[in-house]
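J.: Handing you a structure now.
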Amino acid sequence: MRRIGVLALQGAFAEHISVLQRLGVEAVPVRLPGELEELEGLIIPGGESTTMSRLMTVFHLRDEIKRLAEDGLPMWGTCAGLILLAKEVDSLPDPLGVMDIGVRRNAFGRQVDSFETELPVLPLGKEPFPAVFIRAPQIDRLGSEVEVLARLTNGQVVAARENNLVATAFHPELTTDPRFHCYFLNMAKNSIKQIQQVLSPVGGEKEP
């Protein structure tokens, strides 16, 4: 069984946990540093990015999450989570700074400007994904190693990946379509295999 953490300080963490449980995954609510141990991936949910950033500091999670991201633990940020992963944010002084993207908060307007759209997401197959945008951020800069996963019809990037990090400006957890969660689970599975191969003895011999 996969063991995936969901940062549970504020925001839509319960919805992510519900999707993971329906997929047969052990979903671990993360509120303290010890709960980050032995995870195969971490989801940082949507919510209020300033509040989440402050709470990560209060609960001594910031440095450990940043270290795990830099060490290769798969992480997925949705909406506010995308903001927190970014290296550059227009009005958040202290994001985690682990993903080479620039972000502008609330770029799509206020709560009343929320919208849904059928979004082509190449890694998820031919069927469009029902993307829910709520006070969504905008990715306005991409590092050279960042892969675009989805764009709106106007060309705006709304999902991206850089190695072990994936970010979406929308909320897959608020739909009945589990494909994006499955994509992240598969990404986490492949990442763990790669880490095990790096750590395994030369010649493939097992430790006694």
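The values are calculated or read from the model by the stated rules, or taken from the named source; none is laboratory data. If you're wondering where the values come from, they're calculated on a predicted model, not measured in any experiment. Cβ: placed from backbone, ideal geometry, glycine included. Neighbour counts: every protein chain shown.
J.: Report the residue count in segment 36-65 for those that are among the β-branched types (V, I, T), surrounded by 15 or more Cβ atoms within 10 Å (Cβ to Cβ) and at pLDDT 95 or above.
T.: Going through segment 36-65 one residue at a time, the tally reaches 3.
J.: Considering each residue of segment 111-130, count those that are at pLDDT 90 or above, of a type outside the set (F, W, Y) and surrounded by 14 or more Cβ atoms within 10 Å (Cβ to Cβ), and give that number.
T.: Looking only at that region, the number is 9.
J.: Could you pull out the residue among D90, D100, D94 that is touching a residue at least 60 places away in the same chain (Cβ under 8 Å), of a type in the set (D, E, K, R) and surrounded by 13 or more Cβ atoms within 10 Å (Cβ to Cβ)?
T.: Within the list D90, D100, D94, the selection yields D100.
J.: Go through segment 44-86 residue by residue and tally those that are assigned to a strand (DSSP E or B) and of a type outside the set (A, V, I, L, M, F, W, C).
T.: 2
J.: In contact with a strand residue (DSSP E or B) (Cβ under 6 Å, 6 or more places away or on another chain), of a type outside the set (A, V, I, L, M) and in contact (Cβ under 8 Å) with a residue 60 or more places away in the chain: does that describe F170?
T.: Yes: the conditions hold for F170.
J.: So, in segment 130-145, how many residues would count as being among the small types (G, A, S) and closer than 9 Å to F115 by Cα?
T.: Residues that pass the stated criteria total 1.
J.: Pull out all pairs, ordered by first then second residue, where Cβ-Cβ is under 8 Å, the residues are six or more apart or on different chains, the first lies in segment 131-149 and is loosely packed, with under 14 Cβ neighbours inside 10 Å, and the second is of a type outside the set (F, W, Y) and part of a loop (DSSP other than H, G, I, E, B).
T.: Pairs that qualify, where the first residue is loosely packed, with under 14 Cβ neighbours inside 10 Å and the partner is of a type outside the set (F, W, Y) and part of a loop (DSSP other than H, G, I, E, B), are E145/N163.
J.: Name the pairs whose Cβ atoms lie under 8 Å apart, with the first residue in segment 9-29 and assigned to a loop (DSSP other than H, G, I, E, B), the second of a type in the set (F, W, Y), and 6 or more positions between them or separate chains?
T.: From segment 9-29, the pairs are L9/F59.
J.: Let me ask something else about it. If you go through segment 134-153 one residue at a time, do you hit one that is of a type outside the set (D, E, K, R), at pLDDT 95 or above and in contact with an Asp or Glu (Cβ under 6 Å, 6 or more places away or on another chain)?
T.: yes
J.: Pick out the one residue from P120, P137 that is of a type outside the set (D, E) and within 18 Å of F184 (Cα to Cα).
T.: So the residue among P120, P137 that is of a type outside the set (D, E) and within 18 Å of F184 (Cα to Cα) is P120.
J.: May I ask you to list the residues in segment 153-174 that are in a helix (DSSP H, G or I) and buried (at least 24 other Cβ atoms within 10 Å of the Cβ)?
T.: P172, E173 - these are the residues of segment 153-174 that are in a helix (DSSP H, G or I) and buried (at least 24 other Cβ atoms within 10 Å of the Cβ).
J.: Keeping to segment 66-79, report how many residues are in contact with a helix residue (DSSP H, G or I) (Cβ under 7 Å, 6 or more places away or on another chain) and buried (at least 22 other Cβ atoms within 10 Å of the Cβ).
T.: 5
J.: Among the residues that make up segment 154-168, is at least one of them basic (K, R) and modelled with pLDDT of 95 or more?
T.: Yes: segment 154-168 contains one or more residues that are basic (K, R) and modelled with pLDDT of 95 or more.
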